[in-house]
Amino acid sequence: MEPVGAYRIFERSEDHRMLRYTDYYGDGDSKAFDAVKDIYGKDSVTKLECIGHIFGTRLRKLKSRNKGLGER
């Protein structure tokens, strides 16, 4: 998600829905999280990583370092 879009969603949540987001589900890109982490006060939003992105990235790195890995 783009940082500006994330900020707008979090910013209007209090006015339109009377709620605050406490968690941000990320895909490894920290720009959007950096835009919203302090929106309600210092460190008010916690970043949670998508396990699929974490494992996918690590598996691709592992495979590129070990050229014979994963071949049939």
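For (1) part of a helix (DSSP H, G or I); (2) free of Cβ contacts under 8 Å to residues at least 12 places away in the same chain; (3) surrounded by 14 or more Cβ atoms within 10 Å (Cβ to Cβ), each residue gets a yes or a no:
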| residue | (1), (2), (3) |
| --- | --- |
| M1 | no, no, yes |
| V4 | yes, no, no |
| R12 | yes, yes, no |
| H16 | yes, yes, no |
| D38 | no, yes, no |
| S44 | no, no, yes |
| K47 | no, no, yes |
| S64 | yes, yes, no |
| G68 | no, yes, no |
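With respect to the conditions (1) in a helix (DSSP H, G or I); (2) more than 19 Å from the chain's Cα centre (by Cα), I54 lacks only one, and its number is (2). Please work out if K67 is farther than 30 Å from R20 by Cβ, in contact with a Leu (Cβ under 7 Å, 6 or more places away or on another chain) and not small (G, A, S). Here the answer is no, as K67 does not meet what is asked. Within the stretch 15-51, if we keep just the residues that are more than 12 Å from M1 (Cβ to Cβ) and of a type in the set (S, T, N, Q), the residue that is nearest to the chain's Cα centre (by Cα) turns out to be T46.
Could we say that D38 is under 24 Å from R58 (Cβ atoms) and not hydrophobic (A, V, I, L, M, F, W, C) here?
no
If the condition is being of a type in the set (D, E) and touching a strand residue (DSSP E or B) at 6+ places or on another chain (Cβ under 8 Å), then the stretch 46-72 contributes only E49.
Would you confirm whether or not the stretch 47-62 contains a residue that is of a type in the set (S, T, Y) and at pLDDT 90 or above?
Keep residues of the stretch 47-62 that are of a type in the set (S, T, Y), which gives 57.
Filter once more, so that each one left must be at pLDDT 90 or above: none.
No, because not a single residue in the stretch 47-62 is of a type in the set (S, T, Y) and at pLDDT 90 or above.
The values are calculated or read from the model by the stated rules, or taken from the named source; none is laboratory data. Given the structure is predicted, the values throughout are model-derived calculations rather than measurements. FYI the Cβ positions are ideal-geometry reconstructions off the backbone, even for glycines, and counts take in every protein chain you see.
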